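Before any comments, here is the structure.
The values are calculated or read from the model by the stated rules, or taken from the named source; none is laboratory data. Since the structure is predicted, the reported quantities are computational estimates derived from the model, not experimental observations. Neighbour counts are summed over all protein chains in view; Cβ atoms, including those assigned to glycine, are modelled from backbone coordinates with ideal geometry.
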Amino acid sequence: MGTDKTIEFYGADWCSDCRRAQKVLNSLNIPFTYHDLVADPAAAAQAYAISGQKHIPVIQFPDGTFLVEPSNAELAAKAREL
């Protein structure tokens, strides 16, 4: 679950959208906590609880909002907003 300071990133290494979104956050020097859905099946349940969807990545922001499979521009805009 997101905290008041941390972006929570739910994804999997095999997911190209997840790798792309990680690159966006890394390029902006924005820290995040990565939850590997393969290594931690409970994280998959948490991602579903947040988004109500089985698509990944699920990225939850400190303000409680989340994005699912965001575009680079959408993710960068939200990350900069924080």
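Here is how the numbers come out for the structure above:
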{"item": "Residue within the range 37-51 that is surrounded by 16 or more Cβ atoms within 10 Å (Cβ to Cβ) and touching a residue at least 60 places away in the same chain (Cβ under 8 Å) present", "result": "no"}
{"item": "Every residue from the range 3-19 that is touching a residue at least 24 places away in the same chain (Cβ under 8 Å) and more than 11 Å from the chain's Cα centre (by Cα)", "result": "THR3, ASP4, LYS5, ASP13, TRP14, CYS15"}
{"item": "Evaluation of ILE59 against (1) in contact with a strand residue (DSSP E or B) (Cβ under 6 Å, 6 or more places away or on another chain); (2) without any contact (Cβ under 8 Å) to a residue 40 or more places away in the chain (one fails), failing number", "result": "(2)"}
{"item": "Cross-chain or 6+ apart pairs with Cβ under 6 Å, the range 64-76 first and within 13 Å of LEU25 (Cβ to Cβ), then among the hydrophobic types (A, V, I, L, M, F, W, C)", "result": "LEU67/ILE59; ASN72/VAL24; LEU75/ALA21; LEU75/VAL24; ALA76/VAL24"}
{"item": "Residue match in the range 25-33 (condition: farther than 22 Å from ASP63 by Cα and surrounded by fewer than 18 Cβ atoms within 10 Å (Cβ to Cβ))", "result": "no"}
{"item": "Single residue of the range 31-64 satisfying the filter (over 9 Å from GLU8 (Cβ atoms) and among the polar types (S, T, N, Q)) that is modelled with the highest pLDDT", "result": "SER51"}
